[in-house]
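The values are calculated or read from the model by the stated rules, or taken from the named source; none is laboratory data. Nothing here was measured: the structure is a model prediction, and the numbers come from that model. Counting neighbours? That spans all protein chains shown, and the Cβs are built from the backbone with ideal geometry, glycine included. Protein only, heavy atoms only, side chains kept; ligands, DNA and RNA dropped before computing areas. Shrake-Rupley method; radii C 1.70, N 1.55, O 1.52, S 1.80 Å.
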Amino acid sequence: MRMRRSRMQQIYLKNKTVEKDGEGSPVIIYGDAKRIEGEVWPASGKLQVEQYGNRINYIKNCKVEGKYKIIEQDGKIIYRFNGFSLCEGDGICLYSGKEKDPDYQIISIKPYQPIYIEVEKI
């Protein structure tokens, strides 16, 4: 399926890592921003409304074009593209700049061609 060039936008992907601070509490740290292009639109439809309920206003759908490989590592499924990789929990900067913390988080990945991603506002 072709992606609409009129709806394409630059988004920045920041991979998430969880580290422990001095007291042993988990701390989320986001890596460097990687620029990708994707098609973004608001979540809608009967299935997504049933699935997310009142949270539907904070959820967006994204499509990212490109070939990818699915890799399982440390119990997580990673989708590796040419130049970047993504998995559930990673941060996405849709409306914030690449220098700031992500404003959305990947909550679901559907391995179609092109790949479909559901993101939720943090």
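What list of ³J(HN,Hα) couplings, whole Hz, do you get for the range 92-103 from phi and the Karplus terms 6.51, -1.76, 1.60, once you set θ to phi - 60° and write x for glycine and proline?
Ordered by residue, 3J(HN,Hα) equals 10, 9, 8, 10, 8, x, 6, 7, 8, 5, x, 9 Hz.
Which residues does a label at Gln9 reach in the range 47-61, if reach means a backbone N under 13 Å from a point 7 Å past the Cα toward the Cβ?
Output list for this probe position: 59-61.
With the full set of protein chains in place, find how many percent of the accessible area of the chain is carbon and sulfur; take the probe as 1.4 Å.
Carbon plus sulfur share of accessible area: 47 percent.
For the pairs Lys69/Lys98; Lys16/Lys69; Lys98/Lys121; Lys69/Lys110; Lys67/Lys121; Lys16/Lys98, note any where the Cα-Cα span goes beyond 21 Å.
Lys69/Lys98; Lys67/Lys121
Can you show me the helix-derived [θ] at 222 nm for the chain, built from DSSP H runs with n ≥ 4 at -39,500 (n - 2.57) apiece and divided by the number of residues, rounded to the nearest 500.
The helix-only estimate for the chain comes to -1500 deg cm²/dmol at 222 nm.
Please give the FRET efficiency for Ser44 paired with Asp103, using the beta carbon to beta carbon distance and R0 = 25 Å, rounded to the nearest 0.05.
In this case the efficiency is close to 0.80.
Within the range 1-104, list the trypsin sites (Lys or Arg not before Pro) lying in a DSSP loop whose Cβ has at most 11 other Cβ atoms in a 10 Å radius.
Sparse-neighbourhood loop trypsin sites (Lys or Arg not before Pro): Arg2, Arg4, Lys67.
How large is log10 I(q)/I(0) at q = 0.18 Å⁻¹ when the Debye formula is applied to the Cα atoms of the range 6-83, each weighted equally and without solvent?
Summing over Cα pairs of the range 6-83 leads to -1.06.
Accessible area per residue, 1.4 Å probe, Å², for the range 21-122: what's the number?
For the range 21-122, the per-residue accessible area is 62 Å².
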